[in-house]
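Please read the structure below before turning to the comments.
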Amino acid sequence: ALIQRNCTESGWSSPSPPYATACQLEDSSSSNHTEAKASYFVTMKVLYTCGYSTSLAALLLAIGIFSCFRKLHCTRNSIHIHFFTSFILRGVAVLIKDAVLFSDDSTDHCTMSTVNCKAAITFFQYSVLANFYWLLVEGLYLQTLLLLTFTSDRRYIWWYILIGWGVPMLTVCTWVVTRLQYDNHGCWDDHTSLYWWVIKAPILLAIFVNFLIFLNVTRMLAQKIWSPDISKSYKQQYMRLTKSTLLLIPLFGVHYVVFALFPEQVAVAPRLYFELVLGSYQGFLVALLYCFLNGEVQAEVKRNWGKWQSSMESNVFNLVTQDFTA
């Protein structure tokens, strides 16, 4: 809530409403309930910190694999790398936001309104938007490949980059200017403000378009699989390419749409659990589906591992031979 004070002849009046009411804090008579709630949030913070740390490690490893092996350099994997990077930014943004907003327990979060906390929230909102729009790019690219019968064109990569990074940047800049102009209160982390829709509406739009792509890709895939003109190898290629994206599109969007239909004060505990705890492991799931379980990646890693082993054995044999001939 917006807290106000009046300037009187005897000085400033007491804050209205009081901090405890504005922040919906518990009173002193319910200290046990307050301690239980504090313990709940501490446990949740530990869980999602572990989740984001696991995701960051998996995503960095996946980017390293795609970057190191030349055979894996293609438009599809370039888009995967951008998608992984958006997850990395999202995880880093959450950790930065926690460090800035909750570094000092003595600070009243309701009255906190610093440049650092606003910058942390702005970076967090940008990373979340970029995450959803790179998922949209994954869906668009998959649909393009199916329409063009696997004819890849690198011309589209710049359009994908513009959608994945440019649209979130334009949206966040609009949101920052709007908040500075009309609602420059607190740390901008309140979801009750009307201007929150500047962020929420583009996310819902990306989810809606992705859902339409999901339906269209499913329809095209069914047509191609049941078509007698498509060979068995092509059918396997279609299935291998689409299974990861078709799983991710509903997985990342369903819970956001469900909670978006309710006010922010409704179902707070389930919302926090889905968005923080389960959401922190989404990056690990993406790296698992697109990289670690990818047959092409596994074959390339095994091939290079075999070459490295053969090279090591050859070097050892040469050293032993030199010792005997010396």
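For each pair in LYS45/LYS302; LYS118/LYS200; LYS200/LYS224; LYS224/LYS302, compute the distance between the two Cα atoms and list the pairs where it is over 26 Å. With Cα atoms farther than 26 Å apart: LYS45/LYS302; LYS200/LYS224; LYS224/LYS302. Three semi-axes describe the equivalent ellipsoid of the range 126-219; taken as square roots of 5 times the Cα gyration tensor eigenvalues and ordered largest first, they are 32, 14, 8 Å. Full extension of the chain between LYS307 and PHE69 gives 84.4 nm of extra length, using 0.36 nm per residue less the Cα-Cα distance. Computed with a 1.4 Å probe over protein heavy atoms only, the accessible surface of the range 55-147 comes to 39 Å² per residue. Legend: calculated FRET efficiency, THR144 to TYR195, from the Cβ-Cβ distance at R0 = 35 Å, rounded to 0.05, equals 0.50. At the residue level, SER103 shows approximately 90 square angstrom of accessible surface with a 1.4 angstrom probe and all protein chains present.
If a paramagnetic tag sat 7 Å from the Cα of THR174 along the Cα-Cβ line, which residues of the range 183-198 would have the backbone N under 14 Å from that point? Zone members listed by number: 195-198. Here the simple spin-label model places points 7 Å from the Cα toward Cβ, and for LEU215 and ILE161 these points are separated by 3.4 nm.
Extending 7 Å from the Cα toward the beta-carbon at both CYS7 and VAL46 defines two label points whose distance is 4.9 nm.
The values are calculated or read from the model by the stated rules, or taken from the named source; none is laboratory data. These numbers come from a predicted model, not from an experiment. Cβ: placed from backbone, ideal geometry, glycine included. Neighbour counts: every protein chain shown. Surface accessibility is based on the protein's heavy atoms, side chains included, excluding ligands, DNA and RNA. Shrake-Rupley method; radii C 1.70, N 1.55, O 1.52, S 1.80 Å.
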